[in-house]
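Each reported figure results from applying straightforward, stated rules to the coordinates on display, with no laboratory input. This structure is a prediction, so every number in the text was calculated from the model and none was measured. Note that we place each Cβ from the backbone using ideal geometry, even for glycine, and neighbour counts take in every protein chain shown.
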Amino acid sequence: MWRHEYWGSYMKIQLQKFIGPRCITAEQGRLLFDEVEPRLLAGESVIIDLEGVKTLLSLFLNHAIGPLLEHFDRHQLSELLSFANPSDSQILTLDRVLENAESYHRDPATKAAVDEVLAKMLEGME
Amino acid sequence: MVQKIIQIPHINDGPQDFATLFNIWSQVNGCHQNVRFDFSRCGFLRPNAVAFLGGLARLIECRNGRAEFDWDTLRNQAVKNNLRQNGFAGQFGYPSSGWDGNSIPYREDIKFQPDDVAEYLSENWIGKGWLHVCEGLKNAIVERILELYVNAFEHSKTPIGVFSCGQYFKQLNQLQLAMVDFGVGIPANVRGYMKRIRPDLSAEKLKAADCLKWAFQRMTTTRPGKSSGGVGLDLLKSFIRRNNGALMVYGNDGYAVITAKQETYHSFYSAFEGTICLISLTCDEAFYCLTH
């Protein structure tokens with residue numbers, strides 16, 4: 001069984017070892033979420049090390065990290081959860097996923113407004 | 001069983017060429033006959049046509065028909081070489097060539113095997129030496145393109161998988177990749193989503209162009225459940241625009257064109273059930289940048 005490293009009060013998850021070099025699917029994302037969520041809720045800090053991760057997809061992050069925004073805002077989350085060794089492209093993906101998840105989970109009006117765009121078009125036709 | 005013969009003409013990647021593909025699809029769709037594809041009038045086939053025809057043959061087979069490519073009618077040597085080099089001919093009963101030239105293999109993914117697809121994109125598409133980028137940038141490009149495969153398997157509910165094919169065009173210094181599925185299609189998916197969340201409105205009236213435009217915006221997702229979405233297509237779109245690439249997406253009765261200079265969404269006079277994505281990258285590493 002894979003054991004995570006503890007650095008003082010931080011737990012470090014080496015994603016390449018925990019999931020693999022390609023982090024793509026929703027199922028993989030949920031595995032990471034199940035590992036991280038209880039620790040963050042207990043006030044523990046977590047570092048996710050992306051060293052050796054070749055592929056980090058938004059679908060994976062939408063399920064691994066996105067739902068954490070139900071419990072924390074981005075500022076609170078950044079105090080507890082951090083990422084080590086991301087590539088430029090991975091920073092961009094993380095940024096977009098977190099921004100998106102924050103709106104989705106913490107600002108339902110934004111999500112509703114997105115859906116409303118289509119509804120307004122239809123109402124205009126009827 | 002009676003056999004239907006379908007002529008394959010020259011097929012490029014303009015709107016008229018996609019209409020030709022959809023016309024071929026409509027001849028096959030709903031007809032429970034065996035089909036023979038005749039190449040005698042064909043002098044040019046782009047990767048979008050190759051992936052589409054391969055998928056169409058599997059669609060016919062999945063409906064208990066028989067699809068046959070009549071290799072004796074293929075007299076154009078360039079098309080023949082290309083179909084042998086990319087492995088399409090080998091998949092459908094004609095020997096493949098011993099060398100792959102400027103082709104990128106024809107591929108069928110019945111189920112999503114992310115590692116295999118990532119390897120295909122990394123080694124057979126970007127990694128063949130036409131685009132000189134470092135390992136990190138190569139991985140980054142694969143990440144963006146994989147978003148399309150994820151979408152195809154997650155949202156299209158494709159019954160027979162995803163079909164891919166590519167080509168390097170030396171004179172244009174351009175690398176192309178086409179992906180085809182015969183699933184729900186983006187406009188139909190968006191209309192279905194609207195029907196679920198606003199049953200009081202006539203979602204079927206939504207124009208395909210508006211559905212596609214909505215789907216390519218940030219935060220939009222038709223995914224049910226409690227997870228956020230709507231990032232993948234937006235990231236891909238940004239990547240294409242920043243790096244002087246081009247992305248065409250045809251779905252149902254609409255299409256989207258995204259380039260560095262334009263982002264346009266159209267309703268189309270021709271239609272099919274499914275999605276075709278055609279990505280073109282310029283093989284000049286000076287363009288490639290992934291930061292904001």
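Laid out as a table, the results:
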item	result
Size-normalised alpha-carbon gyration radius of the protein assembly as shown, reference 2.2 N^0.38 Å	1.03
Average other protein chain Cβ within 10 Å of Cβ, residues B:129-140	2
Those residues of region B:58-76 whose amide nitrogen sits under 18 Å from the label point placed on B:I5, 7 Å along Cα→Cβ	B:66-76
The protein assembly as shown: antiparallel DSSP beta bridges as a percent of all, rounded to 5	65 percent
Per-residue average of Cβ from other chains inside 10 Å of A:57-69	5
MRE, 222 nm, helices only [DSSP H, n ≥ 4, -39500 (n - 2.57), over chain B, to nearest 500]	-10500 deg cm²/dmol
Cα gyration tensor, chain B - rounded (a/c under 1.5), prolate or oblate	oblate
Highest-fluctuation residue, B:L235, B:L247, B:L172 considered, GNM on chain B with Cα pairs under 10 Å	B:L172
GNM result for chain B, Cα springs below 10 Å: residue of B:G185, B:G101, B:G166 fluctuating most strongly	B:G101
Among B:A78, B:A208, B:A57, residue whose mean-square fluctuation peaks in a GNM of chain B (springs only between Cα atoms under 10 Å)	B:A78
Under 5 Å, built H, 5+ apart or other chain: amide partners of B:K4	B:N34, B:V35, B:R36
Equivalent ellipsoid, region B:1-97 (semi-axes from 5 times Cα gyration tensor eigenvalues, Å)	20, 16, 12
B:K237, B:K111, B:K128 arranged by Cβ crowding within 10 Å, fewest neighbours leading	B:K111, B:K128, B:K237
Shielding by other protein chains, B:201-211, mean Cβ within 10 Å	3
Under 5 Å, built H, 5+ apart or other chain: amide partners of A:L81	A:V46
Sorted by Cβ neighbour density within 10 Å, fewest at the top, the residues A:D115, B:D72, A:D88	B:D72, A:D88, A:D115
Convex hull volume per residue for region B:33-192, taking Cα atoms only, in Å³	133 Å³
